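Everything below concerns the one structure shown next.
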Amino acid sequence: MPWDTEDYPSSLKNLDEVVRKKAIDIANAMLDEGYEEGRAIPIAIEQAKEWRDNAGEKELREVKEISDKALRSRDADQNDRDARPELMEKGEHVLPHENGWAVKAEDAEKPSNVFERKQEAVHRAEEIAENKETQVIIHKKDGSIQDKYSI
């Protein structure tokens, strides 16, 4: 379940409002990419503090005005692009999985989705890749690459 300003890890409670909101935004994006909570939280805090140190007044104001609904929703909008830019550049892989076919960003620890049918996984990978403006890498059952293309 994504976090917001009413429901977030206690380790974020002593951060100032803007850093806390940015950390929540980053952590939610990381969880979507398959990171474990225990790993996502400290990384998100560190990145949010670094972001604050380099952010301009306009960026600080924009984050301060982010609604809880926007924090909870993880549609690939501009806030997602700013949250973890290095993950946004990674391609979406369609891989064989014990429960069917997985959609997983390159370098993510866990798949974002698992589908029974390969075509469903390909469709979801294409949606994500289109939002991230990156590529889709489709694997065969043996793990070798079947197809690779940009959306």
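Okay, residues lined up against (1) open to solvent by less than 50 Å² (accessible area, probe 1.4 Å); (2) in contact with a Gly (Cβ under 7 Å, 6 or more places away or on another chain); (3) hydrophobic (A, V, I, L, M, F, W, C):
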{"residue": "D4", "(1), (2), (3)": "yes, no, no"}
{"residue": "V19", "(1), (2), (3)": "yes, no, yes"}
{"residue": "K22", "(1), (2), (3)": "yes, no, no"}
{"residue": "L31", "(1), (2), (3)": "yes, no, yes"}
{"residue": "Y35", "(1), (2), (3)": "yes, no, no"}
{"residue": "G38", "(1), (2), (3)": "no, no, no"}
{"residue": "D53", "(1), (2), (3)": "no, no, no"}
{"residue": "G56", "(1), (2), (3)": "yes, no, no"}
Item to check | Residue list for the stretch 110-132, filter: outside any helix (DSSP H, G or I) and either among the hydrophobic types (A, V, I, L, M, F, W, C) or out of contact with any helix residue (DSSP H, G or I) (no Cβ under 8 Å at 6 or more places or on another chain) (or both) | outcome: K110, P111, V114, F115, E116, R117
Checklist entry - So is K13 among the charged types (D, E, K, R) and either open to solvent by 30 Å² or more (accessible area, probe 1.4 Å) or touching a Cys at 6+ places or on another chain (Cβ under 9 Å) (or both) or not? => result yes
Item to check | Residue, farthest from V103 (Cα to Cα), within the stretch 1-43, restricted to residues that are of a type in the set (V, I, T) and touching a residue at least 40 places away in the same chain (Cβ under 8 Å) | outcome: V18
Checklist entry - Does the stretch 110-132 hold any residues that are in contact (Cβ under 8 Å) with a residue 12 or more places away in the chain and either open to solvent by less than 40 Å² (accessible area, probe 1.4 Å) or polar (S, T, N, Q) (or both), and which are they? => result S112, A121, V122, A125, I128, A129, N131, K132
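Would you confirm, using the coordinates I've provided, whether R81 is open to solvent by 60 Å² or more (accessible area, probe 1.4 Å) and either modelled with pLDDT of 95 or more or out of contact with any helix residue (DSSP H, G or I) (no Cβ under 9 Å at 6 or more places or on another chain) (or both)?
no
The values are calculated or read from the model by the stated rules, or taken from the named source; none is laboratory data. Model, not experiment: these values are computed from the prediction. Note that each Cβ is placed from the backbone with ideal geometry, even for glycine, and that neighbours are counted across all protein chains shown. Heads up: the accessible areas ignore ligands, DNA and RNA and are worked out on the full protein's heavy atoms, side chains in. Shrake-Rupley method; radii C 1.70, N 1.55, O 1.52, S 1.80 Å.
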